Amino acid sequence: MTKHQRWGRAAVVGGSYAGLVTARVLADFFDEVVVLERDPVDAGTGSHPGAPQGYHAHAMLAKGGEVLEKLFPGLRRELSEAGAPVFDYGEGMDFLQPAGTAPRARTGVEIQTFTRDGLERRLRARVLALPRVTLMSATSCTGLLRDGRGRVTGLSYRPAGGEGTEPPAELAADLVVDASGRSSALEKWLGDLGVSVPPMRTVKAKVTYTSMNFDRPEQGHPDYFVAYEMLFAPKIARAGVLLAVEGGRWTCSLFGFQQQPPTDDAGYLEFAHSLRNPHLAEQLKRRATQEPTYRYTNVDNRWRQYHRVKDWPEGLIAVGDSVCVFNPVYGQGLTVAAMEADLLGGLLARRRASGRGLAGAARDFQRRVGRLVLTPWTLSTNSDLMWNPAGQPAGARFAHWYNSRLFRVAVRDPDVWARFVRVVNMTASPAVLFHPAVAVKVLAGAGGPGPVRPDPDGRGR
């Protein structure tokens with residue numbers, strides 16, 4: 001195989017965000033990319049009913065934004081023209097952390113805020129316009145095909161809702177990608193083939209999200225594009241985020257640990273008023289129009305350990321929420337899926353250039369995904385584990401202790417805050433927060449003013 005040759009066909013199970021970014025990459029390496037999607041979607045569909053989390057606030061971390069712009073040149077400008085703002089994380093965000101408000105100073109980390117619907121609509125239109133990509137909409141995949149050597153050679157499928165009426169059809173493929181999300185049936189399909197998968201790692205989040213979009217003023221816009229108050233165990237059990245998004249709107253998501261922010265207008269506003277960051281209630285109170293309010297509770301962290309499968313079959317990979325689902329409060333899911341697609345592109349490019357072909361590529365990729373996921377998984381689950389008073393791992397306890405003191409320093413030290421911002425946006429390793437220049441400040445400030453204290457119902461004060 002030369003650097004200009006292509007493999008035959010790739011089949012992508014799932015046409016939501018992860019499937020779309022993966023299909024975009026595969027179109028550079030395969031003659032044909034077939035996207036099989038359970039819901040009836042087309043090039044004009046945005047976030048569809050199969051993704052209930054699509055109604056809630058989404059964050060594209062800076063690293064994810066960089067990868068998307070690489071894969072879809074001009075996407076940032078296109079979203080910006082639709083009203084999705086681009087701004088420096090420090091300058092454009094009113095961020096209330098446990099120890100106080102973060103510095104409103106330039107960090108050098110540029111982000112853009114938009115709805116999942118607005119992003120996915122544009123990605124889908126671009127991907128389906130690629131001449132090598134075909135969409136099979138309203139199609140349910142039912143299992144994997146495998147040859148006598150154990151290699152996955154395609155999949156079986158039937159029309160969505162047609163279970164039991166006709167035998168499934170078959171689609172041959174040189175590579176099958178599972179991007180079907182948190183409801184993926186891949187573990188069952190692998191079991192049907194005699195492949196054993198280690199138990200899934202799960203960390204309960206016990207957080208409920210209630211969200212709505214409403215009108216954003218054209219005149220007299222506030223000096224922020226995001227107003228945020230973060231959850232922080234065990235004292236701050238209510239929080240929320242307000243994002244300026246495309247179409248002249250705000251997206252507001254309210255969070256509650258072991259409590260459900262209301263869906264009725266009066267209760268929703270009352271919950272927002274209970275937060276320490278006043279900007280969410282301020283903007284909600286002045287709204288003139290609004291869209292429906294949605295609640296979402298399925299937010300547990302779940303990691304399917306595919307990188308540990310010893311007999312992982314050739315010709316099969318898994319990406320996105322099919323592998324790892326993060327508590328969305330940390331905004332990692334979209335970025336990790338984009339990074340996985342970019343990782344796949346690099347791996348395929350090297351194999352094509354070396355003439356090695358696809359042999360061994362699937363297992364190699366899945367192991368690399370395991371390494372990629374480890375850092376964001378650790379960051380998010382360390383925080384969620386601290387809500388559970390029993391069984392907290394020593395590593396999570398130390399991280400929580402360190403972060404509590406880091407926040408006290410960050411509220412008065414823009415350099416420390418900028419380092420934290422780079423880490424949460426996945427443009428820097430967590431190691432930068434343990435650099436001697438930071439650690440000395442954190443340890444010196446360990447005896448300083450403590451974090452905010454909650455009132456009895458868990459509202460930070």
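The values are calculated or read from the model by the stated rules, or taken from the named source; none is laboratory data. Worth saying up front: this structure is predicted, and the values here are computed from it rather than measured. In this analysis, Cβ positions are derived from the backbone assuming ideal geometry, glycine residues included, and neighbour counts consider all displayed protein chains.
Here's the yes/no breakdown for (1) buried (at least 23 other Cβ atoms within 10 Å of the Cβ); (2) among the hydroxyl-bearing types (Ser, Thr, Tyr); (3) in contact with a Leu (Cβ under 9 Å, 6 or more places away or on another chain):
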residue: Gln219; (1), (2), (3): no, no, no
residue: Val226; (1), (2), (3): no, no, yes
residue: Leu242; (1), (2), (3): yes, no, yes
residue: Cys252; (1), (2), (3): yes, no, yes
residue: Gly256; (1), (2), (3): no, no, yes
residue: Thr263; (1), (2), (3): no, yes, no
Exercise for the section: Go through the residues of region 231-238 one by one and say whether even a single one is part of a strand (DSSP E or B) and buried (at least 23 other Cβ atoms within 10 Å of the Cβ). Expected result: yes
Practice task
Kindly establish whether Thr289 is at pLDDT 95 or above, touching a Phe, Trp or Tyr at 6+ places or on another chain (Cβ under 8 Å), loosely packed, with under 14 Cβ neighbours inside 10 Å and under 20 Å from Asp117 (Cβ atoms).
Solution key: yes
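Would you mind stating whether Glu170 is modelled with pLDDT of 95 or more and within 24 Å of the chain's Cα centre (by Cα)?
Details: modelled with pLDDT of 95 or more: yes; within 24 Å of the chain's Cα centre (by Cα): no.
Here the answer is no, as Glu170 does not meet what is asked.
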Practice task
Find all pairs meeting these conditions: Cβ atoms under 6 angstrom apart; at least six residues apart or on different chains; first residue within region 401-427 and free of Cβ contacts under 8 Å to residues at least 24 places away in the same chain and not assigned by TED's automatic domain parsing to the domain that holds Thr107; second residue in a helix (DSSP H, G or I) and not polar (S, T, N, Q).
Solution key: none
Practice task
Go through (1) in the same structural domain as Tyr157 (by TED's automatic domain parsing); (2) assigned to a strand (DSSP E or B) one by one and return the number of the condition Thr210 breaks.
Solution key: (1)
Exercise for the section: Return the total of residues in region 211-256 being of a type in the set (Lys, Arg) and either within 19 Å of Leu275 (Cα to Cα) or in contact with a helix residue (DSSP H, G or I) (Cβ under 7 Å, 6 or more places away or on another chain) (or both). Expected result: 2
Problem - region 194-229, residues that are among the basic types (Lys, Arg) and at negative phi - result: Arg201, Lys204, Arg216
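Here's the yes/no breakdown for (1) touching a His at 6+ places or on another chain (Cβ under 6 Å); (2) closer than 30 Å to Ile317 by Cα; (3) among the hydrophobic types (A, V, I, L, M, F, W, C); (4) not in a strand (DSSP E or B):
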{"site": "Ser80", "(1), (2), (3), (4)": "no, no, no, yes"}
{"site": "Phe87", "(1), (2), (3), (4)": "no, no, yes, no"}
{"site": "Gly150", "(1), (2), (3), (4)": "no, yes, no, yes"}
{"site": "Ser156", "(1), (2), (3), (4)": "no, yes, no, no"}
Problem - Residue in region 102-114 that is of a type outside the set (A, V, I, L, M, F, W, C), outside the structural domain of Glu340 (by TED's automatic domain parsing), free of Cβ contacts under 8 Å to residues at least 12 places away in the same chain and not in a strand (DSSP E or B) present - result: no
Exercise for the section: Would you please name the residue that is surrounded by the most Cβ atoms within 10 Å (Cβ to Cβ), looking only at residues in region 435-449 that are assigned to a helix (DSSP H, G or I) and free of Cβ contacts under 8 Å to residues at least 24 places away in the same chain? Expected result: Ala439
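So which of Arg412, Arg405, Arg397, Arg371 is buried (at least 19 other Cβ atoms within 10 Å of the Cβ) and among the charged types (D, E, K, R)?
Exactly one of Arg412, Arg405, Arg397, Arg371 is buried (at least 19 other Cβ atoms within 10 Å of the Cβ) and among the charged types (D, E, K, R), namely Arg405.
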Handout entry: Only listed residue being out of contact with any helix residue (DSSP H, G or I) (no Cβ under 6 Å at 6 or more places or on another chain) and farther than 30 Å from Arg276 by Cα, chosen from Leu123, Leu75, Leu71, Leu36
Key = Leu36
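Residue-by-condition table, conditions (1) touching a Gly at 6+ places or on another chain (Cβ under 8 Å); (2) of a type outside the set (D, E, K, R); (3) within 23 Å of Ala239 (Cα to Cα):
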| position | (1), (2), (3) |
| --- | --- |
| Pro292 | no, yes, yes |
| Val299 | no, yes, yes |
| Gln305 | yes, yes, no |
| Val309 | no, yes, no |
| Trp312 | no, yes, no |
| Ala337 | yes, yes, no |
| Gly346 | no, yes, no |
Practice task
Confirm whether Val177 is touching a helix residue (DSSP H, G or I) at 6+ places or on another chain (Cβ under 8 Å), of a type in the set (Val, Ile, Thr), modelled with pLDDT of 95 or more and assigned to a loop (DSSP other than H, G, I, E, B).
Solution key: no
Practice task
Return yes when Asp31 is outside any helix (DSSP H, G or I), at pLDDT 95 or above, more than 24 Å from Thr375 (Cβ to Cβ) and not assigned by TED's automatic domain parsing to the domain that holds Leu135 and no when it is not.
Solution key: no
Handout entry: Every residue from region 327-368 that is among the polar types (S, T, N, Q) and buried (at least 19 other Cβ atoms within 10 Å of the Cβ)
Key = Asn327, Gln332, Thr335, Gln366
